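K.L.:
Pasting a structure here, questions to come.
The values are calculated or read from the model by the stated rules, or taken from the named source; none is laboratory data. Bear in mind the structure is a predicted one, so any value in this text is a computation, not a measurement. Neighbour counts are summed over all protein chains in view; Cβ atoms, including those assigned to glycine, are modelled from backbone coordinates with ideal geometry. What goes into the accessible areas is simple: the full protein's heavy atoms, side chains included, and nothing from ligands, DNA or RNA. Shrake-Rupley method; radii C 1.70, N 1.55, O 1.52, S 1.80 Å.
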Amino acid sequence: MSALRSYRLRIQRKRWLARAFRKRREMISVVDRSKEVKRNDILIFSTLRNELIRLPYFLKYYRDMGVDHFFFVDNDSTDGSREFLAGQPDVSLWTAEAGYKRARFGVDWLNWLQFRHAPGHWALTVDVDEFLVYPFCDTRSLHALTDWLDASSIRSFGAMLLDMYPKGSINKQPYTAGQDPFEIASWFDSGNYMISKNRLYGNLWIQGGPRARRFFPDNPERAPALNKIPLVKWDRSYAYVSSTHSILPRGLNLIYDEWGGEKASGCLMHAKFLSTFAGKASEELLRKQHYANSHEYKAYQAQLEDDPDLWCKWSEKYINWRQLEILGLMSKGNWA
């Protein structure tokens, strides 16, 4: 990379941090338990709106995995999400009534909270329908993974977003609060993924899966990005650029090996396609707070009228992380 481009990226990173500093005024603290965070705690950062039905399992999943504290920004929920989270002993919560879109889809809010609370910690940034799966996750806690990353001088850990879906109509099996969503959405696409490299930031760009196949069959290049860098050993100089798809400094995006080897990586199992999906899609389409004039949700709405079944004859039923490794969707690298 040229010295000029490197300089421009450094200026851009400082601009995102300055923007996050300004956007902090949009957040009001509901309950701040950050003083309880210990030196080696693993932290989660997330934004949400009206996700009460998902929160019990989300918290249980990551507590069982070893997450020590949760930082949430609630974007003006009306379903009791804010009240539920405020009562959780390991949650710090802020509320924001401002537009999600004008906060760069929540990135500005989280960049500020990470600047304040995450330095020196491993920070996991996920939505409440995203569940991290990594090598040996059935026998080793998240602390074991971050200890190995520290020992290997690795500062960021990549994961591909893996859309999960049921067999049959999305609306066929009602989802209930506290339920493991993958009891219902237990299928995924093992192939049809397109991968390219973003020359500016150095991150991979991945598209495909059931959303490209079902909702964007004629324009797969407009399908949502599936590349994520959710787990980072945070520093005050870091800033996410576009959700968790890319981050600055640029070196944090190099979560892959270009020289024939494999770096350890995971999957974010995406429990979007449950019986709650139609209502959520309608709400978000009306709010118009999502990327590119909500074109993704317009595609969803057009197909939801047909009560879509995302399953096809090439669908794979999820077994465990080793299956994902065999299929090439994640890697344990040299972590033995």
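K.L.:
Kindly provide the set of residues from the stretch 94-108 that are assigned to a helix (DSSP H, G or I) and either free of Cβ contacts under 8 Å to residues at least 12 places away in the same chain or buried (at least 21 other Cβ atoms within 10 Å of the Cβ) (or both), ordered by number.
P.N.:
Here is the first cut: in the stretch 94-108, the ones assigned to a helix (DSSP H, G or I) are 101-103, 107-108.
ARG102, ALA103, VAL107, ASP108, listed by residue number.
K.L.:
Assess whether SER237 counts as being part of a strand (DSSP E or B), among the polar types (S, T, N, Q) and over 17 Å from the mean Cα position of the chain (by Cα). Can you show your working first?
P.N.:
On the way: part of a strand (DSSP E or B): no; among the polar types (S, T, N, Q): yes; over 17 Å from the mean Cα position of the chain (by Cα): yes.
In short, no.
K.L.:
I need every pair where a residue in the stretch 139-163 that is closer than 18 Å to ALA123 by Cβ has its Cβ under 6 Å from the Cβ of a residue that is part of a helix (DSSP H, G or I) and open to solvent by 10 Å² or more (accessible area, probe 1.4 Å), sequence separation at least 6 or different chains.
P.N.:
LEU142/MET65
Residue-by-condition table, conditions (1) at pLDDT below 90; (2) under 30 Å from LEU4 (Cβ atoms); (3) open to solvent by less than 30 Å² (accessible area, probe 1.4 Å):
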residue	(1), (2), (3)
ASN203	no, yes, yes
LEU226	no, no, yes
PRO230	no, no, yes
GLY251	no, yes, no
ASP257	yes, yes, no
GLN289	yes, no, no
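K.L.:
Being farther than 30 Å from ARG102 by Cβ, in a strand (DSSP E or B) and open to solvent by less than 20 Å² (accessible area, probe 1.4 Å) narrows it down to one residue among GLY266, GLY168, GLY158; which is it?
P.N.:
One residue alone meets the criteria, GLY266.
K.L.:
Also, I was wondering about something else. Do we find that VAL73 is within 30 Å of ALA278 (Cβ to Cβ), out of contact with any Lys or Arg (no Cβ under 9 Å at 6 or more places or on another chain), at pLDDT 95 or above and outside any helix (DSSP H, G or I) in this structure?
P.N.:
On the way: within 30 Å of ALA278 (Cβ to Cβ): yes; out of contact with any Lys or Arg (no Cβ under 9 Å at 6 or more places or on another chain): yes; at pLDDT 95 or above: yes; outside any helix (DSSP H, G or I): yes.
Judged against the criteria, VAL73 is a match.
K.L.:
Applying the selection to the stretch 32-59, what residues are out of contact with any Asp or Glu (no Cβ under 9 Å at 6 or more places or on another chain) and either open to solvent by 20 Å² or more (accessible area, probe 1.4 Å) or more than 18 Å from PHE115 (Cα to Cα) (or both)?
P.N.:
If the condition is that a residue be out of contact with any Asp or Glu (no Cβ under 9 Å at 6 or more places or on another chain) and either open to solvent by 20 Å² or more (accessible area, probe 1.4 Å) or more than 18 Å from PHE115 (Cα to Cα) (or both), then ASP32, SER34, LYS35, ARG39, LEU55, PRO56 are the ones that fit.
K.L.:
Just need a number here: residues in the stretch 269-287 that are open to solvent by 20 Å² or more (accessible area, probe 1.4 Å) and either among the basic types (Lys, Arg) or modelled with pLDDT of 95 or more (or both).
P.N.:
Taking the stretch 269-287 as the starting set, the residues that turn out to be open to solvent by 20 Å² or more (accessible area, probe 1.4 Å) are 272, 275-276, 278-280, 282-283, 285-287.
Still in the list and also either among the basic types (Lys, Arg) or modelled with pLDDT of 95 or more (or both): 272, 280, 287.
Going through the stretch 269-287 one residue at a time, the tally reaches 3.
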